[in-house]
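Written below as structure tokens is the structure these notes are about.
The values are calculated or read from the model by the stated rules, or taken from the named source; none is laboratory data. Please read these numbers as outputs of a predicted model, since none were measured by experiment. As a convention, Cβ positions derive from the backbone with ideal geometry for all residues, glycine included, and neighbour counts pool all protein chains shown. For the accessible areas, the whole protein counts, side chains as well, though only heavy atoms, and no ligand, DNA or RNA atoms are used. Shrake-Rupley method; radii C 1.70, N 1.55, O 1.52, S 1.80 Å.
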Amino acid sequence: MDGRSIPWGRLERADAMDLAEQLTHFYGPEPALDVARKTLKRADVRDVAARLKAQRQQRLGPSSSALLSVAEYKKKYREHVLRQHAKVKERNARSVKINKRFTKLLIAPETAALEEPERARRSDTHTFNRLFQRDQEGQRPLTVVLQGPAGIGKTMAAKKILYDWAAGKLYQGQVDFAFFMPCHELLELSGTRSLADLILDQCPDRGAPVRQMLAQPQRLIGTRVLGGLLSKALLPSARLLVTTRTAAPGRLQGRLCSPQCAEVRGFSDKDKKKYFYKFFQDEWRAERAYRFVKENETLYGLCFVPFVCWIVCTVLRQQLDLGQDLSRTSKTTTSVYLLFIASVLSSTGADGSWVQRELRKLCLLAREGVLRRKAQFTEKDLEKLELRGSKVQTLFLCKKEMPGVLKTEVIFRFIDQSFQEFFAALSYMLEEEGASGAPTGSVGSLLRTDTELSGHLALTTRFLFGLLSTERIRDIEHHFGCVVPERVKEDALRWVQGQGCPRTASEGMEDTEELEEEIEEPNIPLELLYCLYETQEDAFVRQALSSLPELALERVRLSRMDLEVLSYCVRCFPAGQALRLVNIGLAAAQEKKKKKSLVKRLQGSRASTKQLLGSPLRPLCEAMTDQQCGLSSLTLSYCKLPDVICRDLSEALKVAPALTDLGLLHNRVSEAGLRMLSEGLAWPQCRVQTLRVQLSGLPGALQYLVGMLRQSAALTTLDLSGCQLSDPTVTYMCAVLQHPSCSLQTLSLASVELSELAKQELQAVKTAKPDLVIIHSELDSHLEPPRGFNSVL
């Protein structure tokens with residue numbers, strides 16, 4: 001049965017009673033009957049097999065499903081799943097076949113360092129099978145968490161896994177039953193429901209053999225499940241696949257039992273193009289739309305999120321249908337959502353006053369739901385706002401009938417959770433001054449509620465800032481005929497300026513290992529930067545950051561989008577701004593494959609097929625060189641700095657207009673990398689005046705930094721506290737310090753162990769250059785220089 005056999009040694013001397021006991025013990029009571037009956041039929045003892053079946057029917061009752069064995073019900077259930085999930089509803093209620101619309105996503109295990117892009121795999125059958133594969137110690141995870149931002153495709157991936165399992169492509173011989181349970185809907189159901197109830201809701205009828213289905217929990221898989229299932233209090237050996245937004249796993253982590261996490265990273269460039277062709281189905285239209293988006297770098301970048309890609313395609317299709325110009329472009333997620341909503345409403349042909357009135361009602365419904373953590377609405381909720389049966393209800397809300405205790409309950413949800421959060425943000429922009437019926441609380445109260453910039457209000461807050469830009473306000477007034485109150489933007493600005501920046505614990509850190517693999521809590525400063533990025537309004541961002549003299553990001557993995565956001569904000573830094581990056585992980589550099597020539601392929605050339613385009617920090621380095629960038633102090637602590645990063649940082653140091661202070665503390669850097677950094681610091685236009693370096697190891701590599709002192713006209717302070725300085729390095733440094741072109745005024749060697757010879761050489765430098773301040777606890781002005789020491793480089 002399913003490839004499991006009782007070892008022959010146990011059966012060799014078994015009589016009839018022994019055999020029955022062995023079958024029951026090995027397979028369980030009900031499956032043992034299936035094995036016995038099938039074996040008897042194969043042995044052509046059909047009369048006994050028929051008697052077994054008849055007795056079983058009599059025992060289980062008249063229910064048609066109960067008459068089926070578990071094995072037979074498995075087939076019936078798989079067929080049911082295939083019918084139920086063969087099509088998926090898009091947000092505009094169109095039904096499309098899941099196999100035709102699903103486009104592969106990049107999925108990477110959480111344990112994969114972001115510097116290893118090859119670990120991110122496209123979500124084919126092999127990738128899905130690997131989710132529950134054994135680790136290096138031979139342990140198979142029973143809980144897998146798929147995490148990623150809103151709209152990245154987590155739910156669609158879970159549905160595709162369920163469909164592929166039912167089609168016989170996944171977990172064959174491992175999983176008997178798989179169930180899909182949406183948390184938002186289950187949380188808002190009235191009354192109590194047992195595990196059996198939840199399972200029966202997934203089955204084609206109420207007569208499913210639930211007890212037998214649960215007899216082997218290790219052969220079950222449930223997607224997006226709750227409570228006792230999450231904590232393994234129920235079905236401890238069942239497999240769980242949980243999907244969650246990136247902001248949520250920190251709170252979820254404590255409820256899960258030894259989870260293995262994977263990150264859904266959205267579409268690759270190759271799959272973006274595939275999605276366009278699947279969406280339009282007409283090659284000419286698909287090519288035209290894709291080419292337009294590809295030429296818009298910002299819009300093309302946003303399309304790595306499947307939901308944003310769907311919105312873009314929907315808007316472009318409408319514009320193509322109407323023969324409109326495709327030149328309406330968008331730069332942020334907020335602008336894409338706003339463009340979509342405006343396009344949908346314009347297609348109704350309604351007048352402006354109707355749009356204003358109905359849109360305000362819909363936004364009010366969304367706001368009340370977000371603030372109360374409510375995603376499902378009853379008919380009464382809609383009637384209260386006069387939305388039931390309205391046009392906006394059919395455009396932006398989906399209707400679903402839920403089985404109740406006495407009668408079927410009708411509930412409504414926004415076509416996507418992110419739309420509810422967008423409309424909630426839009427409600428603050430459409431709120432009339434002193435309007436009656438408006439919910440209490442201003443923008444300021446919303447932002448003060450979301451004190452940690454995380455959780456259920458995070459996306460709403462991002463959307464709100466995106467709507468604050470002058471361009472978006474102009475769009476709102478143009479599309480909806482509404483005047484946005486000036487106080488909304490003023491309240492948001494005051495809130496940012498009151499944030500301050502929490503200090504990090506980098507001082508005294510001893511752990512130089514990589515980031516811990518545990519899922520970290522959302523990073524507050526980074527989320528704040530996302531909010532500012534959504535505005536795409538340089539003056540607003542610069543004014544907002546003026547009250548945050550130092551921005552610190554600590555122990556966070558920076559994705560490519562994170563770096564894009566950080567780089568934009570750095571470009572807008574006001575004068576005197578400081579940035580500290582402490583123990584961060586960096587997204588991998590993009591690589592471009594080069595096609596081998598036919599000759600090289602035939603020769604089996606071992607030449608590299610990849611061409612490095614840039615380091616992960618290149619966007620940040622380019623932002624530092626912007627003439628409007630006011631970044632004056634940059635500190636990198638406990639970070640990996642590969643040579644490619646050092647190269648880009650070196651180029652930035654040469655021309656950064658405002659950078660006067662640089663700290664490189666306890667980073668992993670090679671000798672070659674240090675040499676490249678020294679070249680940047682020695683550049684004539686480099687403005688760095690203070691350099692702070694703490695290196696573990698590489699004592700000889702410091703000679704590159706020391707040699708740079710002869711060429712740097714700007715550098716006046718060098719802090720080597722805590723570094724290991726060999727005697728030859730100190731001798732070389734003393735010679736450089738006495739060179740006429742050396743402009744150094746302060747040298748700090750606090751906590752540096754020096755030999756007696758090194759102390760004497762440094763004392764000689766102090767004597768020769770009395771204006772040079774050398775800080776070291778054991779240097780004594782009375783020490784005489786060593787005899788004959790007078791070397792000058």
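Inspect all residues belonging to region 465-477 and state whether any of them is at pLDDT 85 or above, under 19 Å from Tyr530 (Cβ atoms) and part of a loop (DSSP other than H, G, I, E, B).
Scanning region 465-477 turns up at least one residue that is at pLDDT 85 or above, under 19 Å from Tyr530 (Cβ atoms) and part of a loop (DSSP other than H, G, I, E, B).
Out of region 534-559, which residues are open to solvent by less than 10 Å² (accessible area, probe 1.4 Å), at pLDDT below 90 and in a strand (DSSP E or B)?
Correct list: Leu558 only.
Using the structure shown, decide if Phe396 is within 29 Å of the chain's Cα centre (by Cα) and surrounded by fewer than 21 Cβ atoms within 10 Å (Cβ to Cβ).
The answer is no for Phe396.
Considering only region 699-747, state which residues are in contact with a strand residue (DSSP E or B) (Cβ under 9 Å, 6 or more places away or on another chain), open to solvent by 40 Å² or more (accessible area, probe 1.4 Å) and part of a loop (DSSP other than H, G, I, E, B).
Of everything in region 699-747, those that are in contact with a strand residue (DSSP E or B) (Cβ under 9 Å, 6 or more places away or on another chain), open to solvent by 40 Å² or more (accessible area, probe 1.4 Å) and part of a loop (DSSP other than H, G, I, E, B) turn out to be Gly722, Gln745.
Of the conditions (1) surrounded by 19 or more Cβ atoms within 10 Å (Cβ to Cβ); (2) closer than 25 Å to Gly466 by Cβ; (3) of a type in the set (Phe, Trp, Tyr); (4) without any contact (Cβ under 8 Å) to a residue 60 or more places away in the chain, Tyr300 satisfies every one except a single condition; which number is it?
The number of the failed condition is (1).
Out of the residues in region 65-85 meeting the condition of being at pLDDT 90 or above and farther than 14 Å from Gly168 by Cβ, tell me which one is most open to solvent (accessible area, probe 1.4 Å).
Going through the qualifying residues, I end up with Arg83.
Just to be sure before I move on: is Gln356 closer than 26 Å to Thr461 by Cβ and crowded, with 17+ Cβ neighbours inside 10 Å in the structure I sent?
no
Looking at region 560-570, can you tell me whether even one residue there is surrounded by fewer than 21 Cβ atoms within 10 Å (Cβ to Cβ), part of a loop (DSSP other than H, G, I, E, B) and in contact (Cβ under 8 Å) with a residue 24 or more places away in the chain?
No, region 560-570 contains no residue that is surrounded by fewer than 21 Cβ atoms within 10 Å (Cβ to Cβ), part of a loop (DSSP other than H, G, I, E, B) and in contact (Cβ under 8 Å) with a residue 24 or more places away in the chain.
Which one is nearest to Ala658 (Cα to Cα), of the residues in region 607-628 that are modelled with pLDDT under 90 and surrounded by fewer than 17 Cβ atoms within 10 Å (Cβ to Cβ)?
Gly614
State yes or no: is Thr378 open to solvent by less than 10 Å² (accessible area, probe 1.4 Å) and hydroxyl-bearing (Ser, Thr, Tyr)? First the steps, then the outcome.
Numbers: open to solvent by less than 10 Å² (accessible area, probe 1.4 Å): no; hydroxyl-bearing (Ser, Thr, Tyr): yes.
Judged against the criteria, Thr378 is not a match.
Six or more apart or on different chains, Cβ atoms under 7 Å: show the pairs whose first residue is in region 670-696 and part of a loop (DSSP other than H, G, I, E, B) and whose second is among the polar types (S, T, N, Q) and open to solvent by less than 20 Å² (accessible area, probe 1.4 Å).
As it stands, the answer is Ala682/Ser712; Cys686/Ser712, since those pairs meet every condition given.
Taking into account only those residues within region 765-792 that are closer than 26 Å to Leu695 by Cα and either touching a Cys at 6+ places or on another chain (Cβ under 7 Å) or open to solvent by 90 Å² or more (accessible area, probe 1.4 Å) (or both), which is modelled with the lowest pLDDT?
Glu778
Looking at Arg462, is it of a type outside the set (Ser, Thr, Tyr), open to solvent by 10 Å² or more (accessible area, probe 1.4 Å), modelled with pLDDT of 90 or more and under 23 Å from the mean Cα position of the chain (by Cα)?
Yes; evaluated as a whole, the condition is true for this residue.
Being touching a Lys or Arg at 6+ places or on another chain (Cβ under 8 Å) and assigned to a helix (DSSP H, G or I): is that true of Glu358 here?
Here the answer is yes, as Glu358 does meet what is asked.
Pick from Thr111, Thr125: which is under 30 Å from Cys313 (Cα atoms) and either modelled with pLDDT under 80 or in contact with a helix residue (DSSP H, G or I) (Cβ under 7 Å, 6 or more places away or on another chain) (or both)? Lay out the reasoning, then the answer.
Numbers: Thr111 fails: under 30 Å from Cys313 (Cα atoms).
Being under 30 Å from Cys313 (Cα atoms) and either modelled with pLDDT under 80 or in contact with a helix residue (DSSP H, G or I) (Cβ under 7 Å, 6 or more places away or on another chain) (or both) holds for just one of Thr111, Thr125, which is Thr125.
Cβ-Cβ under 7 Å, sequence separation 6+ or interchain: first residue in region 60-81 and more than 29 Å from Lys97 (Cα to Cα) and hydrophobic (A, V, I, L, M, F, W, C), partner modelled with pLDDT of 85 or more and open to solvent by 30 Å² or more (accessible area, probe 1.4 Å). Which pairs?
Filtered contacts from region 60-81: Leu68/Lys76.
Can Arg37 be described as open to solvent by 50 Å² or more (accessible area, probe 1.4 Å) and modelled with pLDDT of 85 or more?
Details: open to solvent by 50 Å² or more (accessible area, probe 1.4 Å): no; modelled with pLDDT of 85 or more: yes.
Judged against the criteria, Arg37 is not a match.
Leu364 is checked against (1) modelled with pLDDT of 90 or more; (2) under 20 Å from Pro149 (Cα atoms) and fails just one. What number does that condition carry?
Failed condition: (2).
Before we move on, is Gly254 surrounded by fewer than 21 Cβ atoms within 10 Å (Cβ to Cβ) and either at pLDDT 75 or above or under 25 Å from Thr143 (Cα atoms) (or both)?
Judged against the criteria, Gly254 is a match.
Can you name every residue in region 126-175 that is charged (D, E, K, R), in contact with a Phe, Trp or Tyr (Cβ under 9 Å, 6 or more places away or on another chain) and buried (at least 16 other Cβ atoms within 10 Å of the Cβ)?
Lys159, Lys160, Asp164
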